[in-house]
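So the structure is just underneath, and the comments pick up after that.
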């Protein structure tokens, strides 16, 4: 379930600026719960876009695909880019008038999973119109809805074959309750009935917002599929039916996502999303998005950094994680570092200045010095850095984010570091400024999607949720490096020892004068 306090409120609109202004004002005036407000329109509605820019509201928009698409944009943002437990959607013809109107709807969503707006037809409905005793009816609409994250995980999004008005909504409700049915009923209620409310919300009906032709088209589709809606197993739908449609959909959302999401620990570094869960390791979830596997089971960046800065990470924390003490492996690390220097020499790099980020015991610093480099290292663990210095290795306390352009290097090395970084873009920015124009950046890290990861699944040794924040496929890593001004001159994969690792030998992309 979600971690963020509050609720996401999505207002759907379509070329009705007066309606939009009114419902936004009412949301801001009458909502008691902490909330995030976004506007979604399934058209290039220039008036709505301008209104949102003037009022500092996130606005999603795309080519005209109807209100089902607008709702999907809100659902997608809720699922991929927030951690709220509940989403409330309001069409722009909804009206609010009571302080705390949302509390009943949030409670109902947490109780029933998904709540729709009930029409005022008492002949075909039962119930008390309260969160714990909703209206059970077949006559409902999506003018206002509330859904929790658990319901979304079962259902997905609206059926993409529907456009405009009507049955895309009915299909979504049917699929959710079909997923929970028990012998054709939902907690003793007939499957054809749905829990609904019309408490604290009113709806205006405007014929200009209704397209009879589209409605009849959807009605025909719905009636032809009615038997399938009831009898077929549940499917997790997505809001597109082709790769081209997928890109159209996402291009209506990506540019408007708050940029801060992309830099949040545990969020996708490409789009800022939460991704999809691919499994759990030691009880912690791992999620995947755009070729990147993510894990961040911490409440804050500060809490995470303490595992490196407080105490000796390379002994105490590693032992807790079932890994051998680095100092016990120092001789092996030194041998591996000598091999790394031999590879650099084979590539024509045998002297100059070298910086090792995440130096640990300083084994690579020692090997580089012996090979003819002027080498220093940065290590976030104070105890480890001090012990390495006592052994005559030039290692100082510092992190991957402490690099500046005051000293420029011929080689910057990062071995088993990049997967630990919560802000890889920030690190690469610093590295770019500190690396000489003809210098080389070497990044060695586990490779997501390698044969070992595919064969071993969650038992793969590099799935370590408490340490490895991001694991990258080669394609995802190359894309990130190129975005930050680097290209891969060579890529290698060890055939023994560090199997499952990948090593990138990167050069700066330097613009010609």
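The values are calculated or read from the model by the stated rules, or taken from the named source; none is laboratory data. What you see is a predicted model, and the numbers here were worked out from it, not measured in a lab. Heads up, the Cβs are rebuilt from the backbone with ideal geometry, glycines too, and the neighbour counts pull from every protein chain shown.
Inspect segment 388-399 for any residue being crowded, with 16+ Cβ neighbours inside 10 Å, in the same structural domain as residue 357 (by TED's automatic domain parsing) and in a helix (DSSP H, G or I) and give the result as yes or no. So far as segment 388-399 goes, yes, one or more of its residues are crowded, with 16+ Cβ neighbours inside 10 Å, in the same structural domain as residue 357 (by TED's automatic domain parsing) and in a helix (DSSP H, G or I).
Of 405, 479, 459, all but one fail to be surrounded by fewer than 22 Cβ atoms within 10 Å (Cβ to Cβ), more than 24 Å from residue 363 (Cβ to Cβ), touching a helix residue (DSSP H, G or I) at 6+ places or on another chain (Cβ under 8 Å) and in the same structural domain as residue 343 (by TED's automatic domain parsing); the exception is 405.
Under 24 Å from residue 305 (Cα atoms) and out of contact with any strand residue (DSSP E or B) (no Cβ under 9 Å at 6 or more places or on another chain), is that true of residue 426?
Considered against the rule, which asks whether it is under 24 Å from residue 305 (Cα atoms) and out of contact with any strand residue (DSSP E or B) (no Cβ under 9 Å at 6 or more places or on another chain), residue 426 comes out as yes.
Out of the residues in segment 278-326 meeting the condition of being assigned to a helix (DSSP H, G or I) and modelled with pLDDT under 75, tell me which one is surrounded by the fewest Cβ atoms within 10 Å (Cβ to Cβ). If we take residues in segment 278-326 being assigned to a helix (DSSP H, G or I) and modelled with pLDDT under 75, then 320 is surrounded by the fewest Cβ atoms within 10 Å (Cβ to Cβ).
In summary, residue 87 fulfils each of the numbered conditions (1) closer than 20 Å to residue 245 by Cβ; (2) under 20 Å from the mean Cα position of the chain (by Cα) with the single exception of condition (1).
Regarding segment 7-30, can at least one residue be identified that is touching a residue at least 24 places away in the same chain (Cβ under 8 Å) and on the phi > 0 side of the Ramachandran plot? Looking for residues that are touching a residue at least 24 places away in the same chain (Cβ under 8 Å) and on the phi > 0 side of the Ramachandran plot, one finds at least one in segment 7-30, hence yes.
Which of the residues belonging to segment 403-423 are within 21 Å of residue 308 (Cβ to Cβ) and over 25 Å from the mean Cα position of the chain (by Cα)?
403, 404, 412, 413, 414, 415
Considering segment 24-47, the residues that are more than 24 Å from residue 86 (Cβ to Cβ) and buried (at least 17 other Cβ atoms within 10 Å of the Cβ) include one that is farthest from the chain's Cα centre (by Cα), namely 45. Only strands (runs of 3 or more DSSP E) whose full extent lies in segment 429-513 are considered here, and the ones with at least 2 residues that are within 25 Å of residue 355 (Cβ to Cβ) and over 25 Å from the mean Cα position of the chain (by Cα) are 435-446, 486-492, 501-508.
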